[in-house]
Amino acid sequence: MNTEDELPGKFVLVRPDLLNDPAEKKNQVGVIKSADLKNDDVVVSFGEGDNALFSTDALLVMRDIDVIRGYAEYDYDQLLREDYFDIMEVCITAETANLGGQKAALQLARKSPMAMEYAVQPLDDELGLHRHKSPGR
């Protein structure tokens with residue numbers, strides 16, 4: 001979907017269930033600084049001078065907002081009311097005009113297991129790399 005040139009500037013969430021995390025960035029939101037997909041290397045910035053190297057399967061990205069809404073609407077009768085509202089809050093936050101909305105939406109999503117399930121997907125899935133078997137939608 002995205003190419004290496006389109007990835008810098010994209011907000012990502014480091015998988016909360018990451019087993020090997022030498023940078024100790026599990027469950028943190030950062031922004032892609034650079035990517036070398038041939039070597040499966042993604043440099044993520046967490047602030048001035050605080051960069052870490054990850055593989056694409058260690059990073060989660062927001063799904064398309066229309067997809068998230070579609071899943072939630074389809075499952076409306078099975079979702080708890082608060083879960084549905086958490087998912088919708090993530091969507092509304094992500095739709096704000098500035099890039100801060102994307103970051104804030106990822107930060108919101110990580111607070112609710114159901115919102116995480118609906119709102120994010122592994123970066124390698126978005127890119128069509130499928131280097132691992134991903135649970136979820």
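The values are calculated or read from the model by the stated rules, or taken from the named source; none is laboratory data. No experiment lies behind these values; they were computed from the predicted model shown. A quick note on method: Cβ atoms are made from the backbone with ideal geometry, for glycine too, and the neighbour counts reach across all protein chains shown.
Which condition number does Met88 fail, the rest of (1) within 26 Å of Leu7 (Cβ to Cβ); (2) touching a helix residue (DSSP H, G or I) at 6+ places or on another chain (Cβ under 9 Å) being met?
Just one mismatch for Met88, condition (1).
Taking segment 82-101 only, how many residues are more than 16 Å from the chain's Cα centre (by Cα) and either modelled with pLDDT under 95 or outside any helix (DSSP H, G or I) (or both)?
Of the residues in segment 82-101, 3 are more than 16 Å from the chain's Cα centre (by Cα) and either modelled with pLDDT under 95 or outside any helix (DSSP H, G or I) (or both).
Within the set of pairs 6+ apart or on separate chains, which have a first residue in segment 22-47 that is closer than 22 Å to Leu129 by Cα and touching a residue at least 24 places away in the same chain (Cβ under 8 Å), a second that is aromatic (Phe, Trp, Tyr) and part of a loop (DSSP other than H, G, I, E, B), and C-beta atoms under 9 Å apart?
Val29/Phe46; Val31/Phe46
Determine whether Leu108 is touching an Asp or Glu at 6+ places or on another chain (Cβ under 9 Å), surrounded by 14 or more Cβ atoms within 10 Å (Cβ to Cβ) and closer than 16 Å to Glu6 by Cβ.
For Leu108, the condition - touching an Asp or Glu at 6+ places or on another chain (Cβ under 9 Å), surrounded by 14 or more Cβ atoms within 10 Å (Cβ to Cβ) and closer than 16 Å to Glu6 by Cβ - is not met.
Six or more apart or on different chains, Cβ atoms under 6 Å: show the pairs whose first residue is in segment 104-123 and closer than 17 Å to Asp64 by Cβ and whose second is assigned to a helix (DSSP H, G or I) and among the aromatic types (Phe, Trp, Tyr).
Every condition considered, the pairs that remain are Tyr118/Tyr71.
Looking only at segment 39-81, how many residues end up being at negative phi and in a loop (DSSP other than H, G, I, E, B)?
9
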